[in-house]
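This report concerns only the one structure given below.
The values are calculated or read from the model by the stated rules, or taken from the named source; none is laboratory data. Model, not experiment: these values are computed from the prediction. No Cβ is skipped: glycine too gets one built from the backbone with ideal geometry, and neighbour counts run over all protein chains shown. SASA here: full protein model, heavy atoms, side chains in, ligands and nucleic acids out. Shrake-Rupley method; radii C 1.70, N 1.55, O 1.52, S 1.80 Å.
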Amino acid sequence: ARRDLDVEVGKLGEAPRDAVEVVLEAQAANDAARAILDALGASDQPAARALVLRELRSVGGRDRLPALRALERVAGDADVDAARVQLAHDGDLAVASPALLQLARHGHAAAAECAVDLHKRGKPMDAEAHAAVLHGLLVAPNPETFPWVLQHGAHAENPFGKIWQERWRAALANAPFAAWLVSEGALPKETPERVFLAECLGQLGGAAAQPSLSKLLGDKG
């Protein structure tokens, strides 16, 4: 069904949107709506993405999540990015977190600032929220927020997942961040954060990481 939807959306071109809008509205109350949103969001047609954005802006609360997630792979669209930035500042972490993850995934310039905002709220976070702050901070490593990387990475969902490998390579190539990771000042007190630091040092590799990594691996915890 998804493949058929992709084909049909690909045929949209500049065709009138009325028919697609009717289908979207008619299916809004059932599971097919998500499949339709996903197909529209994955389309290369600006008109298709515009429909998803309209859906995103026409609902509130967590009803925005299906449309937001449908836009996950869209890169380089100013309107989509503006919506993500707005949602990353949303008061509901369940909305702000996936929006920030999308900004981080595409290396948006606002990702780090949005990550700082989310961190400073001081609200209890789930694994997705921790991952959002982690990857947002990694877009633009900042000495003031280096410790936060460990704090959130220790509790993040799949922090070294495949889609984040390029982001990690870029962050670990940042000389001040790499130097901090191997310094005494990076050593946290809490065991989960020490474990995550060891994982970061493993990702960093090289002779510079070996003394710190050996010390961590010698810890009882």
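Remarks
- TRP164 aromatic (Phe, Trp, Tyr) and either within 24 Å of ALA82 (Cα to Cα) or free of Cβ contacts under 8 Å to residues at least 24 places away in the same chain (or both): yes
- Annotation: of all residues in the range 25-63 being of a type in the set (S, T, N, Q) and either modelled with pLDDT of 80 or more or under 15 Å from ALA99 (Cβ atoms) (or both), the one that is surrounded by the most Cβ atoms within 10 Å (Cβ to Cβ) is SER43.
- Only listed residue being among the polar types (S, T, N, Q) and crowded, with 22+ Cβ neighbours inside 10 Å, chosen from GLN86, GLN102: GLN102
- Verdict on GLU199 being in contact with a Gly (Cβ under 9 Å, 6 or more places away or on another chain) and within 25 Å of HIS106 (Cβ to Cβ): yes
- Residue list for the range 168-194, filter: more than 22 Å from ALA111 (Cα to Cα) and open to solvent by 70 Å² or more (accessible area, probe 1.4 Å): GLU184, LYS189, GLU190
- Every condition in (1) surrounded by fewer than 20 Cβ atoms within 10 Å (Cβ to Cβ); (2) under 21 Å from the mean Cα position of the chain (by Cα) holds for ALA154 except the one numbered (1).
- Only residues that are open to solvent by less than 40 Å² (accessible area, probe 1.4 Å) and farther than 15 Å from LEU197 by Cα were counted in the range 157-167, giving 2.
- Evaluating ALA111 against the criteria (1) surrounded by 22 or more Cβ atoms within 10 Å (Cβ to Cβ); (2) at pLDDT below 95; (3) of a type outside the set (Ser, Thr, Tyr) leaves one unmet condition, (2).
- Of all the residues in the range 132-151, those that are open to solvent by 40 Å² or more (accessible area, probe 1.4 Å) and in contact (Cβ under 8 Å) with a residue 40 or more places away in the chain number 2.
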